[in-house]
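These notes concern the structure reproduced below.
Read-outs: derived from the displayed coordinates by stated rules, not from any lab. Given the structure is predicted, the values throughout are model-derived calculations rather than measurements. Cβ atoms come from the backbone with ideal geometry, glycine included; neighbour counts cover every protein chain shown.
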Amino acid sequence: AAVMAQCRHCWRLYQATPSHMQTRQFKVAVIGAAGGIGQPLALLLMTNKLVTELAVHDIEPTTGFRKDLSHMDTGCQVKAYFGSDQMKTAIKGADIVMITAGMPRKPGQTRDFLFDTNAPIVAKAAALVSEHSSHALVGIITNPVNAVVAVAAEAMKKCGRYDPRRLFGVTTLDVVRAEKFIGDHMEINPRKVRIPVIGGHAGTTIVPIFSQCQPPFEGDKECIESIVKRIQTGGDEVVKAKAFKGSATLSMAYAAARFTNALMRGLKGEPGPPECAYVESDATDSPFLSTPLTFGPKGIAKNHGLPELDEREKQQLKVAVDALKKSVSKGVKYME
Ligand code: NAI
């Protein structure tokens, strides 16, 4: 089946597989793709060799944005969908659906404030995944993550297609910030830092586990407290720096692309190191909790549960769990 083709940059001939015979890797759908996070996320996914089909959907027109992406020579086909009716076509057959549709925070707003606007959007997308691509892994970026993941779970249960191994609240940005801030503090490459960040994705529900940091964290208690605070309020830092005109978009897109890549490696049966995400959990009293996960062909292959915690971290987790229980029950009640 292989044919000879000439390299576009030099005279060399190489063995090439015709494009129509290239192995299909994964279809990823980005819902809310025209937004501040959606666009750079789509860009990053276009450059990932594991993505062979990218569906970009938004309530706003995505045609121009798709045309722009479609000129990239990365071998990924991009298709555009817009408007409420086309969401299902974007989702149909997707292996992974990343949901970033909805309102971001405005001056003075907490993530919780977004619930009324964003919950119905997430509920609709989750129901469409159940109906049109129930095997898909779903990553929810839309805030408030702590509550809307429960909304998505309930929407999928109503369709009789909920699989807790396939639904994730994306908390990777908290991990990315932790690794960056720790790397900067220890004057080492942040890519060499690994730290579990458990709990949820808002303020004190974000619990970085410094006692399990690799390489071991070098710094005293005050130093840990100040970095924990910075990780927990990283979103506010960006909102302020953008003069209250937007929230984290580029770093979030980077984090979401890292998370999507980890899911795809799992689907291929070649998982990388564990990644934390907010999933259904029996590790604490909170029905959902972010803990380190290893991915496989069906989503979560192993939930590593709670890492070993020191006394300070146990206290922080207790505070987080109390808040998470309330957020989850808000999500469940909304769907009743
Ligand atoms: P944005 O306003 O720039 O983009 C949101 C996009 O969603 C817009 O293009 C909008 O047209 C689209 N949209 C709205 N309703 C829709 C619907 N029914 N169907 C399809 N598309 C729809 O907002 P941005 O900055 O991209 O943020 C998106 C969400 O991500 C917000 O809720 C924000 O709070 C959240 N976020 C989450 C983070 C995390 O760590 N999980 C970090 C930063 C933001």
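For the peptides 89-96, 111-118, the ranking by mean Cβ contacts within 10 Å, running from highest to lowest, is 89-96, 111-118. With Cα atoms as the point set, the radius of gyration and Dmax of the stretch 239-289 evaluate to 15.3, 44 Å.
So, R0 is 25 Å and r is the distance between the beta-carbons of Thr74 and Lys180; what FRET efficiency does that work out to, to 0.05? With a Förster radius of 25 Å, E is 0.40.
Working note: Debye formula, equal point scatterers on the alpha-carbon atoms of the chain, no solvent; log10 I(q)/I(0) at q = 0.12, 0.14, 0.15 Å⁻¹ is -0.82, -1.10, -1.25. Each residue of the stretch 155-201 gets 83 Å³ once the volume of the Cα convex hull is shared out per residue. Using θ = phi - 60° in the Karplus curve 6.51 cos²θ - 1.76 cosθ + 1.60, the 3J(HN,Hα) couplings for the stretch 232-243 round to 5, 10, x, x, 5, 4, 6, 4, 5, 5, 8, 6 Hz; x is entered for Gly and Pro.
Note on the chain: with a GNM built from Cα contacts shorter than 10 Å, the maximum mean-square fluctuation among Arg230, Arg24, Arg105 falls on Arg24. For the chain, set up a GNM with springs between Cα atoms under 10 Å and report which of Pro107, Pro40, Pro196 has the largest fluctuation. Taking springs between Cα atoms under 10 Å, the residue moving most is Pro107. Given 4 °C and 1.567 mPa s, compute D for the stretch 47-164 with the Stokes-Einstein relation, Rh being the Kirkwood radius over Cα pairs; round to the nearest whole µm²/s. After rounding, the answer is 86 µm²/s. The spread of Cα positions in the stretch 223-318, taken along each principal axis and listed from longest to shortest, comes to 43, 34, 25 Å. Annotation: lysines with alpha-carbon distance below 28 angstrom to Lys242 (same-chain offsets under eight excluded): Lys106, Lys180, Lys229. Rank Thr249, Leu173, Gln39 by how far each Cα sits towards the positive end of the charge dipole of the chain (+1 on Lys, Arg Cβ; -1 on Asp, Glu Cβ) and give me just the farthest. Selected residue: Gln39. Dipole orientation for the chain: of the candidates Val78, Val51, Gln109, Val78 has the Cα lying most toward the positive pole (charges on Cβ; Lys, Arg +1; Asp, Glu -1).
Taken about its Cα centre, the stretch 67-226 carries a charge dipole of about 620 debye when Lys and Arg each add +1 at the Cβ and Asp and Glu each add -1 at the Cβ. Local charge for Lys326 was computed over the other residues whose Cβ lies under 11 Å away, with Lys and Arg +1 and Asp and Glu -1, and equals +1. This model, with +1 at the C-beta of Lys and Arg and -1 at the C-beta of Asp and Glu, gives the chain a dipole about its Cα centre of some 900 debye.
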